[in-house]
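The values are calculated or read from the model by the stated rules, or taken from the named source; none is laboratory data. No experiment lies behind these values; they were computed from the predicted model shown. Glycine also receives a Cβ, built like all others from the backbone with ideal geometry; neighbour counts cover every protein chain displayed. SASA here: full protein model, heavy atoms, side chains in, ligands and nucleic acids out. Shrake-Rupley method; radii C 1.70, N 1.55, O 1.52, S 1.80 Å.
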Amino acid sequence: MQLTSWVLGYFHHPEWLPDNPEIDRLGKWFLFVGVAFWIGGARKNVEVLLILALLGFLAACFLFEGALSEWLHGIHGQRIDLGIRNSQHTSMFFGVAAIGLLCFSRRCFLSGKAGWIFGPAWAITFFICLLGVLITQTRAVWLALVVVFLIAVTVFVVYIIKGKTSRGLKRQGIFAIICILVAAGAVGFVFKDTLGSRLGAENAVMANAWQGKWEEVPYSSIGNRLHTWRAGLEWFAERPIVGWGGGARGLVIDHTEWLPQSVKDRYGHLHNTLLDFVVSYGLLGLSVIVVLVVWIGLGSLKAWRAGVMPTEVFAFGWAFFVYYFIVSLFESYSFFWTGSYIQNVVMGVVVTFIWRWQLETGRAVFEFRRSVDSA
């Protein structure tokens, strides 16, 4: 896919292309293959990997010079990033950690005597992650977490109505929902000024863009996104099939005449992973990624129904997909090390059980492959 885009671009706009196709741009997205292979379909290895990833992230947030001072600034209403690129990326990590802790909470509280250790540790870590989500002040992460929570509650209620949950699971689920609502209410009350200022900011900017009044849209936080999205869509419309090549997002910023120099000096991406991708590789490239996403989604469902994939891994994988899709609409996470890293961790955890299911059953995710092979 990358070679095709580069070769066709070489004949169309060679002056804007690098000397080689730079296939590492998307190649690093597929490092999950190595992660899944190392895990080997073992539940214990999954838990070790996720615990190490969580501890490593928390260590990065606390073990740097001035960490305590920055946390205190955040608690007092200042937006912070804890030294991880910028606030959006740090917030994205906290959101994934919070989702993972919720999905694996039963493993912490159902560990026998060890539950007296893991239970409090889980509660403290979950509180830190919620606090981190709040003080990094990223609205897209707040939106994504609310959507994931509402979907999770809806699915849980449906399963209760259908009678597919045990009495113990019902109690735990209801208790978890109550705890989340109480925590959210307490956070909303304590930090109501911070939440109000962030959520209410720039409403007029979005209204002007919706009405097509682009000259009245300032180059603010949301305004920059809206302007770069507009520029990206213009470039995509010119080469929708194969795109402009791996460096297209930079081309859009540098060669869109109506973008001011301040934006060109500050940004080199379009603040939207999907738009960045289709501008670079077009609908051809998108089709490849869609097939991969469908394969993982369908494969995880089949592996879970067969009892090969643990429920907490299945829930984590699907919740992550919804969450990450939403936040990626507002930032180009996948084109930075942060997004590539978290994608490979989560996808490796999910894919390893799909492979295990395939090996144990001899079946394929896309069943039509079997009929073709037999024919």
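Short-range pairs are left out: with C-alpha atoms under 8 Å and at least six residues apart, the relative contact order of the chain is 25 percent. What residue among Leu54, Leu301, Leu359 shows peak mean-square fluctuation when the chain is described by a Gaussian network model with Cα springs under 10 Å? Looking only at Leu54, Leu301, Leu359, the biggest GNM fluctuation is shown by Leu359. For the pair Phe62 and Ile124, the difference between a 0.36 nm per residue extended length and the Cα-Cα distance amounts to 20.9 nm.
The calculated pair-distance distribution of the chain uses every alpha carbon pair, bins of 20 angstrom beginning at 0, and gives 25, 55, 20, 0 percent. Computed over protein heavy atoms with a 1.4 Å probe, the accessible surface of the stretch 226-274 works out to 44 Å² per residue. For the stretch 306-375, the per residue solvent-accessible surface stands at 44 Å², with DNA, RNA and ligands left out and a 1.4 Å probe. Normalised per residue, the accessible area of the stretch 48-121 is 54 Å², obtained with a 1.4 Å probe and no contribution from ligands, DNA or RNA. For the chain, the tally of Lys pairs with Cα-Cα distances below 24 Å comes to 7, considering only residues 8 or more apart or on different chains.
Of the accessible area of the chain, with the probe set at 1.4 angstrom, what percent is carbon plus sulfur?
68
What helices does the chain hold that run 20 Å or longer along their axis, going by alpha-carbon atoms, with a Kyte-Doolittle average of 1.0 or more, using DSSP H for the helix calls? Sorted by number, the helices that extend far enough and score high enough are 43-62, 87-103, 115-135, 139-161, 167-190, 273-305, 311-328.
Using Cα pairs under 8 angstrom and six or more residues apart, how large is the relative contact order of the stretch 37-123, in percent? 14 percent.
Computed on the Cα atoms alone, the convex hull of the stretch 236-375 gives a volume of 121 cubic angstrom per residue. Dipole magnitude for the chain: about 1960 debye, using +1 per Lys or Arg Cβ and -1 per Asp or Glu Cβ, origin at the Cα centre.
Each Lys or Arg adds one and each Asp or Glu takes one away; over the other residues whose Cβ falls under 15 Å from the Cβ of Leu72, this sums to -2. Taking each residue as 0.36 nm, the span from Asp24 to Glu216 lengthens on full extension beyond its C-alpha to C-alpha distance by 65.2 nm. Computed over the Cα atoms of the stretch 226-271, the ratio of the radius of gyration to the Kirkwood radius (Rg/Rh) comes to 0.94.
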